[in-house]
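Q: Please see the structure below; I have some questions.
The values are calculated or read from the model by the stated rules, or taken from the named source; none is laboratory data. Everything numeric here is computed off the predicted structure, so don't read it as measured data. So basically every Cβ, Gly included, is an ideal-geometry build from the backbone, and we count neighbours across all protein chains shown.
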């Protein structure tokens, strides 16, 4: 039997759609565990990234270099470490997920704002915009595609990591995976994994559509003609 | 009116970009700052709208020290055009042009209507209003940049190498547009360029900078050509400044000879009777060709001139409007060595030989030498 | 923090480190080998790139754990499962960079090479790929660093790596082990990153170093 047949059998078996640990319940829980950290990370990282990108200079370079260092942090290890020290509280899963979601958003926001053509910046100051006006009316709109890309990368990453968080007792789709691994049943393991994949791809599609909708018209066409 | 009083810009690493600059830009005139790279012309320009702050000295705008004004508000009253245009890529053309009015609180509809007016003023097709900058050509983008600078009707316009990034044909067209705009609007314009030809073409006053921010000569373009103050200026202005200066001398003073001009219906015999080495044949008053006397001599006297094979006219010049330079050019291009002068309707008035041109040029040289002496006196004091 | 645990268990720690290194680096290299030809094709034939990019984006969205699980029926609870899954991940990261790197070669340079008589293969190998190297290595760095970190997750399906220290540490409520695991994964990843930076500098002597 292949991965898909195991998964499909399990997902379509009606017993799994009822009760307190049902598929819909865990899907919703998973979305909740992903959305909240993403939101918090966005609120922190977007303004910070915009400020850093606007400033430019050496700070921006440092931030870019920190990116790679961040990617080396093993999410499983971090989660487990916090579980050991904080027990099974909300902070245990919220903190690492927020911390891991911040870098892609921060870096992309900084890169997006820093990448605004210098001539455009000079013109924005030259026509008499205040710093705030320049940031909000010119730099941020131009940086929107990259900011959304950062959000998308972060969102996918958070969905993936929330799966692992089930290992330390969280709910969500990871619950099916780890319970199944523990009881040697491949059905829920495969089913849970497939559902996670669906969710992640859904998030991808959602953000792609959102990017299309929110990118200022002039930039969208420009990107298309360049490609 | 813009006044620089002993303005200096010194950078932390010691470079002096502008050195105790004193400059007065008269209201309603175009002042061109020209010079080699790194001479401080762009820095000086950018100090006017406080994009760069002077290390020492004061800049006055209509009598007020610009340091006392809020920078953002100051800039909204000054139009700013740069080489790379700096058009906002995420906004349509009309919204780009409407930027400052909207910043000043105008309702968007009114601002867009104003943008429409300006598009017509700078020669942009109105159907481009809803397009985006990347869809326009370089020349069109520059026009948008100028329109954006003029939107709030500022009294002052700053232009930093605005036409350097486009090809020569487009550049000439944009320069002409600027001249006609200025004739209509009479703004105080400060324009920076490294191209001396552009400076001479568009400037009412030209400030030629030396390296490191000092002015070598400040004069109307004609004076710069006629009476450069030293070798540096003469070199910068270029080797054929004598001929170029002739473009400032009107051709109206030229003596014209109507003798060689004959209609196509006239006969060879009449042409030979005129006793000129070359005959200018006209048809309905317009110049058609040159015929030389030797060819005429070999033909029967009754032949109409229209049937004689003729050399092309080359180029003619307009006696009332063109300069001595255009007349000289016409003479050089003519197979007869004589320039054909026409009036505003293209009707031949007469011809000018090299002798007549020489006389006119020498008269102009004479006056230019007088001008140079005056300039020298102004610089050094009368001879002792 | 029980420091004495470390020397006492050094053989285990060292073995886990080696295994983790293998699981992180090999997929990245395989991913590179696959990405190069695909990327060259995509850079050349533009119509090929959008569908390929779409496929890559979707695969990138698939969480690695899910990919491990999906491969179990075919490859069992073995190293191979993790290597294949992480190779897919590496592809997603390196391939766009190969394309971007190829595209970053100035057209004028490419044309000059052709005009001088370079055939397409020689031009590719001696001009385009060397100039694309910095961007390609940037992708490789991400693949290696993230791969080393993701490899530790493989422990959840029983594939041995430094992740063992996390899980064992949790089960025994022994923070020291967890700290050691964290430290080693991060250090291993950063050392590999540094090696790649050195390799990049060696391969691009003409580049300006900021």
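Q: Are any residues in the range B:133-147 over 20 Å from residue B:42 (Cα atoms) and in a helix (DSSP H, G or I), and if so, which ones? Can you show your working first?
A: Initially, the range B:133-147 is screened for residues over 20 Å from residue B:42 (Cα atoms), giving B:133-141, B:143-144, B:147.
Result: B:133, B:134, B:135, B:138, B:139, B:140, B:141, B:143, B:144, B:147.
Q: State yes or no: is residue B:34 more than 14 Å from chain A (Cβ to nearest Cβ) and surrounded by 21 or more Cβ atoms within 10 Å (Cβ to Cβ)?
A: yes
Q: Just checking, does the range C:188-195 include any residue being more than 26 Å from residue C:130 (Cα to Cα) and either surrounded by fewer than 20 Cβ atoms within 10 Å (Cβ to Cβ) or without any contact (Cβ under 8 Å) to a residue 12 or more places away in the chain (or both)?
A: No: the range C:188-195 contains no residue that is more than 26 Å from residue C:130 (Cα to Cα) and either surrounded by fewer than 20 Cβ atoms within 10 Å (Cβ to Cβ) or without any contact (Cβ under 8 Å) to a residue 12 or more places away in the chain (or both).
Q: Let me ask something else. Could you please give the count of residues in the range C:170-179 that are in contact with a helix residue (DSSP H, G or I) (Cβ under 6 Å, 6 or more places away or on another chain), surrounded by fewer than 23 Cβ atoms within 10 Å (Cβ to Cβ) and within 13 Å of residue C:1 (Cα to Cα)?
A: Total satisfying the criteria: 2.
Q: Out of (1) facing another protein chain (nearest Cβ under 8 Å); (2) farther than 22 Å from residue A:67 by Cα; (3) in a helix (DSSP H, G or I), the odd one out for residue C:173 is which?
A: Here residue C:173 meets the rest and fails (3).
Q: Now a separate question. Need pairs with beta-carbon distance below 8 Å; first residue within 16 Å of residue B:157 (Cβ to Cβ) and within the range B:44-55, second in a loop (DSSP other than H, G, I, E, B); sequence gap 6+ or separate chains.
A: B:44/B:213; B:46/B:52; B:47/B:53; B:47/B:54
Q: Mind telling me which of the residues B:150, B:74 ends up being within 22 Å of the chain's Cα centre (by Cα), farther than 19 Å from residue A:218 by Cα and within 13 Å of another protein chain (Cβ to nearest Cβ)?
A: B:150
Q: Next question, about the same structure. Could you grab me the full set of residues in the range A:9-24 that are free of Cβ contacts under 8 Å to residues at least 60 places away in the same chain and in a helix (DSSP H, G or I)?
A: Those that are free of Cβ contacts under 8 Å to residues at least 60 places away in the same chain and in a helix (DSSP H, G or I): A:12, A:14, A:15, A:17, A:24.
Q: Among the residues of the range B:329-350, how many are surrounded by fewer than 18 Cβ atoms within 10 Å (Cβ to Cβ) and in a helix (DSSP H, G or I)?
A: The total comes to 2.
Q: Here are some residues: A:177, A:147, A:168, A:164. Which one is within 9 Å of chain C (Cβ to nearest Cβ), more than 25 Å from residue A:12 (Cα to Cα) and touching a helix residue (DSSP H, G or I) at 6+ places or on another chain (Cβ under 6 Å)?
A: It is A:168.
Q: I'd like to verify a number: residues in the range B:13-31 that are outside any strand (DSSP E or B) and either in contact (Cβ under 8 Å) with a residue 24 or more places away in the chain or within 14 Å of chain A (Cβ to nearest Cβ) (or both), how many?
A: The total comes to 4.
Q: Among the numbered conditions (1) facing chain A (nearest Cβ under 7 Å); (2) modelled with pLDDT of 90 or more, tell me where residue C:144 comes up short.
A: Answer for residue C:144: the failing condition is (1).
Q: Inside the range C:65-84, can you point out the residues that are in contact (Cβ under 8 Å) with a residue 24 or more places away in the chain and within 12 Å of chain A (Cβ to nearest Cβ)?
A: Listed by number, the residues that qualify are C:65, C:68, C:69, C:72, C:77, C:81.
Q: Would you point out which residue out of A:113, A:84 is more than 8 Å from chain B (Cβ to nearest Cβ) and surrounded by 21 or more Cβ atoms within 10 Å (Cβ to Cβ)? Before the answer, list the steps.
A: Values: A:84 fails: surrounded by 21 or more Cβ atoms within 10 Å (Cβ to Cβ).
Exactly one residue qualifies, and that residue is A:113.
Q: Okay, next question. Residue B:224 - would you say it is without any contact (Cβ under 8 Å) to a residue 60 or more places away in the chain and part of a helix (DSSP H, G or I)? Explain how you work it out, then say what you get.
A: Working: without any contact (Cβ under 8 Å) to a residue 60 or more places away in the chain: yes; part of a helix (DSSP H, G or I): yes.
Here the answer is yes, as residue B:224 does meet what is asked.
Q: Could you tell me which numbered condition residue A:65 fails, if it satisfies all but one of (1) away from chain C (no Cβ under 13 Å); (2) in a helix (DSSP H, G or I); (3) surrounded by fewer than 18 Cβ atoms within 10 Å (Cβ to Cβ)?
A: All conditions pass for residue A:65, except number (1).
Q: Can you tell me which residue is surrounded by the fewest Cβ atoms within 10 Å (Cβ to Cβ) among those in the range A:182-198 that are out of contact with any helix residue (DSSP H, G or I) (no Cβ under 6 Å at 6 or more places or on another chain) and either at the interface with chain C (Cβ under 9 Å from one of its Cβ atoms) or in a helix (DSSP H, G or I) (or both)?
A: Selected residue: A:182.
Yes or no, residue by residue, for (1) surrounded by fewer than 21 Cβ atoms within 10 Å (Cβ to Cβ); (2) outside the structural domain of residue B:195 (by TED's automatic domain parsing); (3) not in a loop (DSSP other than H, G, I, E, B):
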| residue | (1), (2), (3) |
| --- | --- |
| B:84 | yes, no, no |
| B:90 | no, no, no |
| B:100 | no, no, yes |
| B:109 | yes, no, yes |
| B:115 | no, no, yes |
| B:118 | no, no, yes |
| B:127 | yes, no, yes |
| B:131 | yes, no, no |
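Q: Part of a helix (DSSP H, G or I), surrounded by 17 or more Cβ atoms within 10 Å (Cβ to Cβ), within 18 Å of the chain's Cα centre (by Cα) and within 12 Å of another protein chain (Cβ to nearest Cβ) - does that describe any residue in the range A:43-56?
A: No, there is no match, as no residue in the range A:43-56 is part of a helix (DSSP H, G or I), surrounded by 17 or more Cβ atoms within 10 Å (Cβ to Cβ), within 18 Å of the chain's Cα centre (by Cα) and within 12 Å of another protein chain (Cβ to nearest Cβ).
Q: Could you tell me whether the range A:69-76 includes any residue that is in a helix (DSSP H, G or I), more than 20 Å from residue A:159 (Cβ to Cβ) and modelled with pLDDT of 85 or more?
A: no
Q: In this structure, does residue C:149 turn out to be buried (at least 24 other Cβ atoms within 10 Å of the Cβ) and in a helix (DSSP H, G or I)? Spell out how you get there, then give the answer.
A: Values: buried (at least 24 other Cβ atoms within 10 Å of the Cβ): yes; in a helix (DSSP H, G or I): yes.
Taking the combined requirement at face value, the residue satisfies it.
Q: Then there is this: Which of (1) within 30 Å of residue B:376 (Cβ to Cβ); (2) in contact with a helix residue (DSSP H, G or I) (Cβ under 7 Å, 6 or more places away or on another chain); (3) away from chain A (no Cβ under 14 Å) does residue B:192 not meet, given it meets every other one?
A: So residue B:192 meets the others, but not (3).
Q: Going by what's in this entry, would residue B:45 be described as out of contact with any helix residue (DSSP H, G or I) (no Cβ under 7 Å at 6 or more places or on another chain) and either at the interface with another protein chain (Cβ under 10 Å from one of its Cβ atoms) or crowded, with 18+ Cβ neighbours inside 10 Å (or both)?
A: Taking the combined requirement at face value, the residue satisfies it.
Q: Filter the range C:99-119 down to the residues that are touching a helix residue (DSSP H, G or I) at 6+ places or on another chain (Cβ under 8 Å) and part of a helix (DSSP H, G or I) and list them by number.
A: Residues satisfying the conditions are C:99, C:100, C:101, C:102, C:103, C:109, C:110, C:113, C:114.
Q: Residue B:13 - would you say it is modelled with pLDDT under 90, in contact with a strand residue (DSSP E or B) (Cβ under 8 Å, 6 or more places away or on another chain) and closer than 29 Å to residue B:232 by Cβ?
A: Here the answer is no, as residue B:13 does not meet what is asked.
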